[in-house]
1. Once Rh for the stretch 9-146 is found with the Kirkwood sum over Cα pairs, what is the Stokes-Einstein diffusion coefficient at 37 °C and 0.692 mPa s, in µm²/s?
2. Please give the length that would be gained between residue 4 and residue 121 if that part of the chain were fully extended, namely 0.36 nm times their separation in residues minus their C-alpha to C-alpha distance (nm, one decimal).
3. Rounded to a whole number, what % of the accessible area of the stretch 32-123 do carbon and sulfur atoms account for, probe 1.4 Å?
4. From the phi angles alone, apply the Karplus equation (6.51, -1.76, 1.60; θ = phi - 60°) to the stretch 43-52 and give each ³J(HN,Hα) in whole Hz, x where the residue is Gly or Pro.
5. I need the phi-derived Karplus couplings for the stretch 66-79: 6.51 cos²θ - 1.76 cosθ + 1.60, θ = phi - 60°, integer Hz, Gly and Pro marked x.
6. Return the distance in nm (one decimal) between the two label points of a simple spin-label model at residue 31 and residue 51, each offset 7 Å from Cα along Cα→Cβ.
7. Residue 35: net charge of surrounding residues, Cβ under 15 Å, Lys/Arg +1, Asp/Glu -1, itself excluded?
8. Please calculate how many Å² of accessible area the stretch 1-64 carries per residue, with a 1.4 Å probe and no DNA, RNA or ligand atoms counted.
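The values are calculated or read from the model by the stated rules, or taken from the named source; none is laboratory data. Predicted model, so just to flag it, every value in this text is computed and none were measured. Cβ coordinates were reconstructed from backbone atoms using ideal geometry, including for glycine residues, and neighbour counts include every protein chain displayed. To get the accessible areas, we keep the full protein, side chains included, count just its heavy atoms, and leave off ligands, DNA and RNA. Shrake-Rupley method; radii C 1.70, N 1.55, O 1.52, S 1.80 Å.
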Amino acid sequence: MRQERAERTRQALVVAAANEFDRHGFTGTPLSQISKAAEMTMGALSFHFPSKMALAVEVCAQGSVATREALDRVMAAPRPGLAAVVDLTVELVRLLERDVRPRAFARLSREAVSELPSWNSLWLTVMRELLHRTPAAQGPASDLRGMELLMRYLMAGAEASIREGGASGAVVDELRDVWTMIGRGLNLEPLPGVGSDGLQESDRPDQRPAGTR
């Protein structure tokens, strides 16, 4: 029982830290602010985490696990070429909307805290593998450098939009609209998985399994 209570306390501190890091960054977040957000004493905080860096490391570790789980979902049944990149961006943005830990991880790593790993490196590695593993990676999807730049800008923009507007689900819809415009600008057929109206095929009401939302 005591061990379970200690783990709940530790996790509450991690979530509070993730929220504060996400809003204010590493430098702008004092430990006293995290303690207040978690509604715990500084003594309780320092018992579990001796420093702010120790908290940041744990936030990034949990954010990394959540990110890898999202990437595994895409890699489990990847589609060829550009469609795989569409799936990857949608899955990552959905994750950022739903879970503050990877969102905080993204901000912390972008602020170049040297002791922390890179969030971008996780999904860039998967994107490269997706595009290299299929012979259908032609046209825009064959420009690896260009796709990396596009992904970086899309993820940075989505992250900023979520932080500004909250996790309402709207950013995923906006991302699909962006992909639709990209397809039109490149004179492509509607991107696989994204229709002319910006909706992913699986999200159309008449194609959802009965009893689902």
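1. 204 µm²/s
2. Residue separation times 0.36 nm, minus the Cα-Cα distance, leaves 38.8 nm.
3. 54 percent
4. So the J values, rounded to whole Hz, are x, 5, 5, 5, 5, 8, 9, x, 8, 5.
5. Running phi through 6.51 cos²θ - 1.76 cosθ + 1.60 with θ = phi - 60° gives 4, 5, 5, 5, 5, 5, 4, 5, 5, 6, 5, 8, x, 9 Hz.
6. The answer from the label model is 1.0 nm.
7. Every neighbour counted, the sum reads +1.
8. The answer is 54 Å² per residue.
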